[in-house]
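Taken together, the values in this text are just the output of simple stated rules run on the coordinates, not laboratory data. As the structure is a prediction and not an experimental result, all values here were calculated from the model. Using ideal geometry, Cβ is built from the backbone for each residue, glycine included, and neighbour counts are taken over all protein chains shown.
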Amino acid sequence: MRSIWGWWILASTLVLLDWYVFSAVKSITQNYTERTRLVVHTAYWCITVLAVATILLFPYVQVLQTNKFFRNYVFAILAGLFFAKLITATVLVVDDVRRLGTWAAVKVGNNLRNQPSPWEGVAITRSVFMSWLGVALGSLLFGSLVAGFRNKYNYQVRRVKIPFPNLPDAFDGFVLAHISDVHSGSFQNKEAVLKGIQKINAAKPDVILFTGDLVNDRAEEMHPYKDVFAQLAAPHGVFSVLGNHDYGDYVQWKTPEAKTTNLNELKNIQAAMGWRLLMNEHVALEKDGQKIALLGIENWGAKGRFPKYGKLSQAHADTEKFDFKILMSHDPSHWDAEVKPQYTDIDLMLSGHTHGMQFGLQNPYFKWSPVQWMYKQWSGLYVEGKQHLYVNPGFGFIGYPGRVGILPEITLIELKKA
C-alpha cells in the first residue's frame, strides 16, 4: 500500500509542477495567435494527462511493470519530463522571488515616504525572458535525455597507462581489460552487445576483469546473452566479482530459498561462460615465473543502503608473498572506507557501480556528473600516495536506457614498471 501511495504522490507532484510551468507557457505564447495558443496549450495538457495516467496505472497494471520497452523508454521519458519541468519551475521560482522582492521594496519604500505606490493596482508581471529561459533549460535537458538513447551501446575504449615501482619486471606492459555493470536485464539489442564484446577481444588484453552487476535482479536475465559473454577470452583468463544487483536484494522473492537459488544460478552461469568468480579470495597471475595477486571480494559499500557482503581480510590473507596486488571490489566507496586506511599494500583497486550516473561530461580536461555529490570517486583514475583506484562507468545501463556525456566504457589498463 505504501508503494502505491508513492505513485499517487508522484502524480500529484507532477500536476502541481505542470500547473506552475504552464504559467511560463502562457507568458511565452501571449503574443501568438489565438489558434496557435490553443494548439500549444492543448498539447501541453494532453501530454500531462497521458503522463499522469501512466504513472497512476503503473502499480495496478502488471504488463507495465514487466514490459521491457515500457521500463526502458516510457518510464525514462516520464522521468525526463519530471526533471525538465522541475528545472523550469526552479527558474520560475527565482523570477517570482524577484517579483516579490520588487513589490515589497516599492511598497515599503513608499509607505515610509507616505506616498502612494506607483504599483498600486498594477501586477508585477513575470519576465518573459525568465519564462523562456526556464522552458529552454527544461527542454534542453529533456532533449539531451532523448538523444542519449542512441548512446547506450556506443562502447568507448579508454586506454590508461599506470606506472608502479614495485611491479614485477615480467608484468611490464601487462594489459588488463576492465569492464563493469553489464546489467543484462536492460539489453534489447544482442547484436550491439556482441560488437562491444568483439571490441574487448580485438584489444587482445592479457586478462579480463569484470567488477560486478552482471544482472539487474535475476539470473535468468543472462540467458539470452550467455553465448555472447562466453566469447570473452584472454591468455590469463576472465575473472569477476559480484555487485549489489547480483544478489537479488531488490526483488520480493516468494521464499528465502528462491533467492538463494537465483544467486547460485548466477554463479553457475559465470562458470559456464568460463569466468572465474572470486568470492572473498585471491588467485595468483603468473608470467615468466613471476607472480602478482588478484583479489576479489563480494559487494562492500560504505553507503548505508548497500550491503557489506565482502570480506577483504579473508581475500587478503596469505598475500604477503606478493609484491604487487590488484583488488576487484564493485563499490568505489570501499576505497576510502577500508582499503586505504587498512590495506596500504593494495596497489590497484578496480570498481564500477556509479555508471557516472549515465549523465554528465567527461573528457581529458574536465569531468562532471551529479553522481559526484554522492561518490567522491565516480569515474576514471584516482591516485593517493602509492595506491590507485580506477572506476569504470559501466558497460551497460539501468533505469535510463541511454547515456549523455558518460558513454559505456571498456577500459584497457596497461601496467608499467616505473
Calculated [θ] (222 nm, deg cm²/dmol) that DSSP helices of n ≥ 4 give over the chain, each run adding -39,500 (n - 2.57): -12500 deg cm²/dmol
Nearest 20 debye, what's the magnitude of the dipole of the chain about its Cα centre given +1 on Lys and Arg Cβ and -1 on Asp and Glu Cβ? 1360 debye
I'd like the antiparallel share, as a percent to the nearest 5, of DSSP beta bridges with both residues in the chain. 40 percent
Helix 190-202: angle to the longest alpha-carbon principal axis of the chain, degrees 0 to 90, nearest 10? 50 degrees
Burial order of peptide ranges 266-272, 328-334, 10-16 (average beta-carbon count within 10 Å, highest first): 328-334, 266-272, 10-16
Reachable lysines, given that their alpha-carbon falls under 21 Å from the alpha-carbon of Lys226 and they are not under 8 places away in the same chain: Lys68, Lys152, Lys190, Lys195, Lys199, Lys204, Lys259, Lys267
Label-point separation in nm, Ala418 to Tyr60, each point 7 Å along Cα→Cβ: 6.3 nm
Between Ala233 and Asp96, what length comes free when the chain is fully extended (0.36 nm per residue of separation minus the Cα-Cα distance, one decimal in nm)? 43.3 nm
Cross-link pairs Lys303/Lys376; Lys325/Lys367; Lys340/Lys376 - those with Cα-Cα distance over 18 Å: Lys325/Lys367
Among 351-361, 299-309, the order from most to least packed when residues are scored by Cβ within 10 Å on average: 351-361, 299-309
Show which aspartates and glutamates lie in cross-link reach of Lys26 when reach means a straight Cα distance below 16 angstrom and same-chain residues fewer than eight apart are skipped. Asp18, Glu34, Asp95, Asp96
Helix 128-147 versus the longest principal axis of the chain: what is the Cα-based angle in degrees, 0 to 90, to the nearest 10? 30 degrees
Just flag the chymotrypsin sites (Phe, Trp or Tyr not before Pro) in the range 1-77 sitting in loop per DSSP whose Cβ has no more than 11 other Cβ atoms within 10 Å. Tyr60
Taking the Cα centre of each part, how many Å lie between the range 359-418 and the range 310-346? 20 Å
How many nm is it between the label spots at Gln290 and Arg37, if each spot is 7 Å from the Cα in line with the beta carbon? 7.8 nm
With both partners inside the range 157-311, how many of the DSSP beta bridges are antiparallel, as a percent to the nearest 5? 45 percent
Angle between the chain longest axis and helix 256-272 axis [Cα atoms, degrees, rounded to 10]: 60 degrees
